[in-house]
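> Below you will find the structure I want to go over with you.
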Amino acid sequence: MPSAQQKEIEEPLPVRADGPRADFHSPLHAVHASNITNLNSLHRRGSVLFSEGEPARGVYILRTGRATVSIASSEGRIVMLRLAHAGDVLGLNSVLQNCSYDTTVKTLEPCRTDFIPRAELIELMQQSHAGAQSILDILSRELAEITDRAKLLLLSQTVGGRLAKLLLDWSKENRSDKSSPVRVDRVFTHDEIAQMICSSRETVTRLLANLRRRQVIHITSDSILICDRVALEKLAFC
């Protein structure tokens, strides 16, 4: 009877072949067809897939779940660059440069990943023009996401403004009716939110409490409800 890991390898990617994050759908199956073993892994919440400074041995494809992509200063301050979703390819830039990983990737929730060693990735690129184009598309999307994060961090004059922009970005994903409050799931700790906006956990806690007192948001054990979007938009440009 095959192991659970072997079963995972035989399953198709849970990403649509025509989806925006499905660029590696065909190349990944090409790797599987070449009989490379132990590609698929399960990871608990809080698992580190790779750390900044480690030799880039290959790329990870996030099959399910989400993970944070961050960098750290020499003093240990952490800045979260972006949130990786199912279908994202992680560590690609470092692998192509054949250098150390330039970020740390940590699972935000239980995740499944596939791993492609660097040698196999380079071989796929050499054999397939479409595969090479997919890699360029992935790098372009990553650059766009990091640019958006840089705008959030650098263009807002206050920490409160950065927090407001972050909440507005999250609300866009769940917004269906402009006139009704928007519910945002609470999947991040205050410390993780602080890493996203270059602040401290204490400051985030204080700002969220202030927004709640002003009835701009309502906080429950598992969600944040955006009650006054207009007020939040005003804060975002402070």
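The values are calculated or read from the model by the stated rules, or taken from the named source; none is laboratory data. What you see is a predicted model; the values in this text were computed from it and never measured. Note that each Cβ is placed from the backbone with ideal geometry, even for glycine, and that neighbours are counted across all protein chains shown. Side chains included, ligands, DNA and RNA excluded: accessible areas come from the protein's heavy atoms. Shrake-Rupley method; radii C 1.70, N 1.55, O 1.52, S 1.80 Å.
> Pick from Leu166, Leu152, Leu143, Leu139: which is modelled with pLDDT under 75 and out of contact with any His (no Cβ under 8 Å at 6 or more places or on another chain)?
Checking each option against the conditions leaves just Leu152.
> For segment 51-63, how many residues are part of a strand (DSSP E or B) and open to solvent by less than 50 Å² (accessible area, probe 1.4 Å)? Lay out the reasoning, then the answer.
Step one: filter segment 51-63 for residues part of a strand (DSSP E or B), giving 55, 58-63.
Remaining after also requiring open to solvent by less than 50 Å² (accessible area, probe 1.4 Å): 58-63.
So the answer is 6.
> Next up: Taking segment 206-238 only, how many residues are part of a helix (DSSP H, G or I) and either farther than 13 Å from Gly160 by Cβ or among the acidic types (Asp, Glu) (or both)?
Residues that pass the stated criteria total 5.
> Please identify the pairs in which a residue from segment 102-125 that is β-branched (Val, Ile, Thr) has its Cβ atom under 6 Å from the Cβ atom of a residue that is part of a loop (DSSP other than H, G, I, E, B) and modelled with pLDDT of 90 or more, counting only partners at least 6 apart or on another chain.
Listed pairs, sorted by first residue: Thr103/Glu52; Thr104/Ser51; Thr104/Glu52; Thr107/Arg45; Thr107/Ser47.
> Additional query: Collect the residues in segment 64-83 that are over 19 Å from Val187 (Cα atoms) and either surrounded by 14 or more Cβ atoms within 10 Å (Cβ to Cβ) or not hydroxyl-bearing (Ser, Thr, Tyr) (or both), keeping them in residue-number order.
Ile71, Ala72, Glu75, Gly76, Arg77
> Scan segment 76-131 residue by residue and report those that are touching a helix residue (DSSP H, G or I) at 6+ places or on another chain (Cβ under 9 Å), closer than 15 Å to Ser47 by Cα and outside any loop (DSSP other than H, G, I, E, B).
Residues satisfying the conditions are Leu83, Arg112, Asp114.
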